[in-house]
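Let me begin by presenting the structure, written as structure tokens, before commenting on it.
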Number of protein chains: 2
Amino acid sequence: MISKHVVDEFKRILGDSGVMQKEADLLNYAYDAAVLTPVLPGLVVRPGSSEELGAAIALCNDNGLPVTVRGAGTNLSGGTIPEKDGVVLLTGAMNKILEINEEDMYAIVQPGVVTAKLAAAVAAKGLFYPPDPGSQNVSTIAGNVAENAGGLRGLKYGVTKDYVMGLDFFDAFGNLVSTGSKTVKCVTGYNLAGLMVASEGTLGVFNEITLKLVPPPKASKAMMAIYDSVEAATETVAAIIASKIVPCTLEFLDNFTIRTVEDFAKAGLPVDAKALLLIEVDGHPAEVEEDAARVEKIAKEFGAASIQVAQNEAEKNKIWEARRTALSALARLEPTLVLEDATVPRSKIPHMVKGIEKISEKYNLPIGTFGHAGDGNLHPTILTDKRDAAAWHRTEEAVNDLFDIALALGGTLSGEHGIGIAKSGFMVKEVGQAAIDYSRRMKRAIDPKSILNPGKIIGR
Amino acid sequence: MISKHVVDEFKRILGDSGVMQKEADLLNYAYDAAVLTPVLPGLVVRPGSSEELGAAIALCNDNGLPVTVRGAGTNLSGGTIPEKDGVVLLTGAMNKILEINEEDMYAIVQPGVVTAKLAAAVAAKGLFYPPDPGSQNVSTIAGNVAENAGGLRGLKYGVTKDYVMGLDFFDAFGNLVSTGSKTVKCVTGYNLAGLMVASEGTLGVFNEITLKLVPPPKASKAMMAIYDSVEAATETVAAIIASKIVPCTLEFLDNFTIRTVEDFAKAGLPVDAKALLLIEVDGHPAEVEEDAARVEKIAKEFGAASIQVAQNEAEKNKIWEARRTALSALARLEPTLVLEDATVPRSKIPHMVKGIEKISEKYNLPIGTFGHAGDGNLHPTILTDKRDAAAWHRTEEAVNDLFDIALALGGTLSGEHGIGIAKSGFMVKEVGQAAIDYSRRMKRAIDPKSILNPGKIIGR
């Protein structure tokens, strides 16, 4: 329980409207988009300015109160699940785009800016912010940075990490720490901005973020390649990469996902196809034409039954709508959906897909597989029911096997969804105890009372 | 003094040939490429394997011995100047390229691999490792990572940071810590690889580094634009960036540098020009043609007196040779050369160049200015004599003014040369005390006996 005295202090700092303690409010923030047991916080606060944010953090530290910062709560690994009786800090009231600098191609934003809104504002000025996580219409920039969010354009354009030029953040004591720069090169001091990326709210609380912008591509072309064989599709992915073409997007959907999406969205997908590849190339118009032709040729060589090239924007949007619908469509089938994102070197995609198929058989669990094949970053999605103890046990075993296969192929536990609490226990398998010990020493020094989102990533 | 007992322990681990203690050896490693007072180490060691490296670090920690890791010693900010009576650890015997993976486009290297050798080995396999610091023919990959080295291609291709996918390093206790992955997306654990970049040997000692490779550009075109006015040249830089063309390289040379290079290299440079821009665009051939034509048009609009487009590889090499010679040519003129790299947002290049000219006048010091104008990263190079107390005092004042101007323009103390000990005292001006305190807490926890290159970046 948070004492009345402390609640009053929060109200003094944030005003009455910035402090929520009703049960309905607490329940709203007890969970995120991961399949994990909800945890009821003790208080929800909503600072409206940098000053309020810093003062709220300092108050948490003074009172040893754990604080979990939350943007849109779209987190898929439990990174925004609070501590019991702890504080949830909402960034939604700090949602201003402070500057879009066209000359020097950067944007400065507050933490709560919604990703898609920033992308649109930047596009309106003739520039481009590439990271496009699936949650972009609701997720916030600070959440994207805290998780190092990826998306469909990672293959060519990289992920959120590649766009953070600088940021300032409040440390556990409420001091404002500046790092990075508005310059494209900066080596002044430790790369704390790099450290903050993917730190899931455990090392500091973002106040302002400076993001790199780039010129938009001049042209693009999208196509759908239809396969009678999963192997042919996945081998096409490896062959495209090996040919040194870098598509901006290269996505895979298996038959299960294709049928589910079609049933849901009536997008005209070929429901008998064993797999689809959705591919977009972009850049200079001449390059786009050549790359598209080469991709088509490779896809055919590797056995694509047919290829549909989008002839206009409407057809292109239809292709991407089909991909973007996959998760929502799959989510309708069973009470519980476990969305994984174990990731492998790109050439290992054929092996990973085979491994997923075997796991699905072994545990008698339907798994829809789709995702960023060009990045080696698939999303095998297990359809299950957490209320059914036996099914849930099989699910946990299946997830464990997924991790083992990815690691055996030289891959990683998480490509873009984060570790949070969902994968914290598996970390040691990949990085080893020395990396965890190193990280814990660092965390303890930075946050001695362990108030900043405790338990995430490196456990307790 | 390092005790005989400890020296014998080093010999047991590294063999007699891996331990040097003669005065001539110690003198060799008392300085680096920065203009700073040499400091004599007590011992120089040279591990030949991971096992030896880890054991040497552990031995240093057990005995509280400061250890400065050194690749080629090309450091420009004193990052490889050892502690008095401390240990210098040479990486030169760990210089193997362990893997170049063409399918998944990465390379795994030992710390002592020379940058240009890696670039050549990668090119031989039809791939591209873009970072090209001026020292690339001698500097090592681990040194590049420790400093986050930049180079001529930063504008389009980024800097070393952008190519580190993963690494393993020994912590202060000699434990091997793994971080990052061979996958293009990875969010498993803290971004320790990101933190290690630019950490100047103060947080860990690199053992193996995994680097991202990319497909090489299909075509390129280089040109030299000749100006009767510095302003016209610097405004051209800002205009090219604003036009959303991203050249791979966009370099500036002032008249002083032009004359000095010509005197040294007889490259046929226009010695009466007030400034030169050296520009290269690369990519798809059609894009290269268009971009080159647009750059030429912009350069003329902004007042270029003439433009020479390289018609073949020989002419292109001549352009870049002129640029790469600048530092050596300037170094011949006076006993002491202070090479700065304060960096500003790209649109502020005209202001920065004006500021440098004023400083040169104010302190009556010749300053040759050249560098990566497209990155906002100029290298004003002060020609002075450290033995002349009055001149040296004026030099120190001039450097201080340079930093102040860069910061006032929204820039940074160092774009690519690092902080080391040369700029450590200036850090607070840019990042503030809170960032230094945060960094010191982190460093103390990671390296409690302060053995890892003490005093660098954040002072003591």
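The values are calculated or read from the model by the stated rules, or taken from the named source; none is laboratory data. What you see is a predicted model, and the numbers here were worked out from it, not measured in a lab. No Cβ is skipped: glycine too gets one built from the backbone with ideal geometry, and neighbour counts run over all protein chains shown. Note: accessible area is taken over every heavy atom of the protein model, side chains too, but ligands, DNA and RNA are not part of it. Shrake-Rupley method; radii C 1.70, N 1.55, O 1.52, S 1.80 Å.
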When you go through (1) touching a strand residue (DSSP E or B) at 6+ places or on another chain (Cβ under 9 Å); (2) under 22 Å from residue A:198 (Cα atoms); (3) more than 14 Å from every other protein chain (Cβ to nearest Cβ) one by one for residue A:438, which number turns out not to apply?
(3)
Give the residues of region B:211-237 that are surrounded by fewer than 22 Cβ atoms within 10 Å (Cβ to Cβ) and closer than 30 Å to residue B:77 by Cβ, sorted by residue number.
B:212, B:214, B:230
Members of region A:179-217 found to be over 20 Å from residue A:50 (Cβ atoms), within 8 Å of chain B (Cβ to nearest Cβ) and among the hydrophobic types (A, V, I, L, M, F, W, C), listed by number
A:184, A:186, A:187, A:195, A:197, A:198, A:214
Report, by residue number, each residue of region B:176-210 that is polar (S, T, N, Q), open to solvent by less than 30 Å² (accessible area, probe 1.4 Å) and assigned to a strand (DSSP E or B).
B:179, B:207, B:210
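Are there strands (runs of 3 or more DSSP E) fully within region B:53-111 with at least 2 residues that are over 21 Å from the mean Cα position of the chain (by Cα) and of a type outside the set (S, T, N, Q)? List them. Can you show your working first?
Values: elements: B:67-70, B:87-90, B:97-101, B:106-109.
Hits in region B:53-111: B:97-101.
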Would you point out which residue out of B:19, B:87, B:39, B:69 is modelled with pLDDT of 95 or more, open to solvent by less than 30 Å² (accessible area, probe 1.4 Å), hydrophobic (A, V, I, L, M, F, W, C) and within 29 Å of residue A:188 (Cα to Cα)?
B:87
Can you work out which of the residues in region A:365-386 that are touching a Pro at 6+ places or on another chain (Cβ under 7 Å) and open to solvent by less than 10 Å² (accessible area, probe 1.4 Å) is nearest to residue A:333 (Cα to Cα)?
A:383
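Looking only at region A:287-297, decide whether some residue is open to solvent by less than 50 Å² (accessible area, probe 1.4 Å), within 27 Å of residue A:412 (Cβ to Cβ) and in contact with a strand residue (DSSP E or B) (Cβ under 7 Å, 6 or more places away or on another chain). I'd like the intermediate steps shown before the answer.
To start, the set of residues in region A:287-297 that are open to solvent by less than 50 Å² (accessible area, probe 1.4 Å) comprises A:287-288, A:291-292, A:295.
From what is left, the residues that are within 27 Å of residue A:412 (Cβ to Cβ) are A:295.
Checking which are in contact with a strand residue (DSSP E or B) (Cβ under 7 Å, 6 or more places away or on another chain) leaves us with A:295.
Among the residues of region A:287-297, at least one is open to solvent by less than 50 Å² (accessible area, probe 1.4 Å), within 27 Å of residue A:412 (Cβ to Cβ) and in contact with a strand residue (DSSP E or B) (Cβ under 7 Å, 6 or more places away or on another chain), which makes the answer yes.
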Just a yes or no: is a residue in region B:397-411 open to solvent by 40 Å² or more (accessible area, probe 1.4 Å), aliphatic (A, V, I, L, M) and under 23 Å from residue B:147 (Cβ atoms)?
yes
For the condition more than 14 Å from chain B (Cβ to nearest Cβ), touching a Gly at 6+ places or on another chain (Cβ under 8 Å) and open to solvent by 80 Å² or more (accessible area, probe 1.4 Å), what is the one hit in A:362, A:318, A:354?
A:318
Among what's in region A:417-435 and is touching a residue at least 40 places away in the same chain (Cβ under 8 Å) and open to solvent by 20 Å² or more (accessible area, probe 1.4 Å), pick the residue that is nearest to residue A:400 (Cα to Cα).
A:422
Here's a check for you: in region A:153-162, which residue that is more than 9 Å from chain B (Cβ to nearest Cβ) and open to solvent by 10 Å² or more (accessible area, probe 1.4 Å) is nearest to residue B:345 (Cα to Cα)?
A:157
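Taking only region B:25-52 into account, find how many residues are assigned to a helix (DSSP H, G or I) and of a type outside the set (Asp, Glu). Lay out the reasoning, then the answer.
So the first thing to find is which residues in region B:25-52 are assigned to a helix (DSSP H, G or I), and the list is B:25-28, B:50-52.
Filter again for of a type outside the set (Asp, Glu), leaving B:26-28, B:50.
Residues meeting the conditions: 4.
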